[in-house]
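J.: First the structure, which I've put down as structure tokens, then a few questions once you've had a look.
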Amino acid sequence: MFFQIKTHSIILVFFILTLSNSYAQEDNQNKNSIEIGLITAGNETLYYGGYGKFTIPLSSKTHHFTLGASLTSYFDFKGESTSEAYLKNDIDMRILPNLITGYSLNFSNFQFNLEVPIGLSIAITKGTLVNEKIGFKREYSNNEVFFNYGIAFSPKYRINEKNLLGIYGFLPLIKDKAQSGYQFGIGWTKAFGK
């Protein structure tokens, strides 16, 4: 009985030391990161905006899976128009909150991330609706929410251990009537300790 307790104690201590050693190695690699950047976006017209992303690595391996969340927002100040009416002094805005799963390939000075953002596209349009033929003018406001997902990619250059500079691209796999479309931009990533 004493021999079994001693054997189990040694195995438990060995297991705890192995686990703490692997956890310590995880602390030294693959830090959480925050990325901010500027983007252009859209299918029908060009939008300008920015994005922010928080990423958590899921292992300490060189190439690893990630989880994260992002918030993208972009604007178009060009008035929408039809043959009968147009919007004057309008703001056309998209807000895209997303949850992200991805895979990160890491090489000496380069990182390539392939991600699948899944979330919403919130389309907000405000302005003055004008029809000069009939002398019609009134305030216009429209808010719509659409399901949004696609594939994102971001090759990055490692400036140092904690800073990366790269480009960002998002290709939507679903079209909505607000045309929350393609996004391309440049971003800066800052890694920080767990």
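Values in this text are rule-based calculations from the coordinates and carry no lab data. Computed from a prediction, not measured in an experiment: that's the story for all the values here.
J.: Treating region 58-138 as a set of equal point scatterers at the Cα positions, no solvent, please give the Debye-formula log₁₀ I(q)/I(0) at q = 0.12, 0.18, 0.19 Å⁻¹.
T.: Summing over Cα pairs of region 58-138 leads to -0.57, -0.81, -0.85.
J.: Step by step: find N for region 31-192, compute 2.2 N^0.38 Å, then divide the Cα radius of gyration by it. What's the final number?
T.: So the Cα radius of gyration is 1.23 times the expected 2.2 N^0.38 Å.
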